[in-house]
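First up is the structure itself, then whatever we jot down about it.
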Amino acid sequence: MSTWQRQRVLLLNATFEPLTVVTTRRAIVLTITGRAETVHVDEENAVAHSEQLAIPVPSVIRLSHFVRVPYRAQIPMTRAALMRRDASRCVYCGDRATTIDHVVPRSRGGLNTWDNCVACCAPCNRRKGDRLLQEIGWSLHREPTAPKGRHWRLLATVTDIDPVWEQYLAA
């Protein structure tokens with residue numbers, strides 16, 4: 001299986017609002033059938049060949065017709081989304097975050113929610129342990145909150161984001 005067959009493609013609504021990520025195969029089918037158009041082509045200039053067609057592999061496609069997306073109030077908390085919210089930086093020291101910490105430890109009744117979980121580096125996570133911030137004299141640089149914006153539902157489910165997608169994901 002070639003690398004372009006494992007790639008993912010960002011699917012935009014007709015209004016250029018990000019909807020989801022689809023497989024390259026699905027993106028090619030959508031473009032061939034006329035239900036979508038290619039917005040950006042793969043930077044490696046990959047081409048999908050059939051007996052009669054040679055199609056450049058897309059990295060971003062846009063639907064031809066607007067699709068209404070039902071409103072969902074709550075954004076699922078995932079590791080990828082939490083790291084993106086905190087810019088992959090430890091909220092305690094600012095180093096590169098590799099773990100997730102519960103501000104109020106689960107052993108003390110802390111919940112697995114947006115406002116109790118933060119990105120953290122391993123040394124800070126070990127030092128904090130199951131203690132409260134007041135007990136060790138630490139403070140947060142900013143209060144953790146649930147992210148707001150149209151594109152966070154998509155960001156919560158995707159871990160590997162193509163740099164080409166960034167202009168469509170900026171909230």
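Condition check ((1) within 18 Å of I161 (Cα to Cα); (2) of a type in the set (S, T, Y)) across all residues:
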position: A54; (1), (2): no, no
position: V67; (1), (2): no, no
position: M83; (1), (2): yes, no
position: S88; (1), (2): yes, yes
position: D101; (1), (2): no, no
position: P105; (1), (2): no, no
State all residues of the stretch 55-100 that are open to solvent by 60 Å² or more (accessible area, probe 1.4 Å), farther than 28 Å from E43 by Cα and at pLDDT 90 or above; if no residue qualifies, say none.
R89, C93, D95, R96
Under 9 Å between Cβ atoms, at least 6 apart or on separate chains: pull out the pairs that start in the stretch 94-119 with a residue that is without any contact (Cβ under 8 Å) to a residue 40 or more places away in the chain and end on any residue that is open to solvent by less than 20 Å² (accessible area, probe 1.4 Å) and acidic (D, E).
A97/D86; V118/D86; V118/D101; A119/D86; A119/D101
Of residues in the stretch 34-78 being among the β-branched types (V, I, T) and part of a loop (DSSP other than H, G, I, E, B), the one farthest from A146 (Cα to Cα)
V57
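The values are calculated or read from the model by the stated rules, or taken from the named source; none is laboratory data. All values reported here derive from a predicted model rather than from experimental measurement. With ideal geometry, Cβ positions are generated from the backbone for all residues, glycine too; neighbour counts draw on all protein chains shown. Keep in mind that these areas ignore ligands, DNA and RNA; they rest on the heavy atoms of the full protein, side chains included. Shrake-Rupley method; radii C 1.70, N 1.55, O 1.52, S 1.80 Å.
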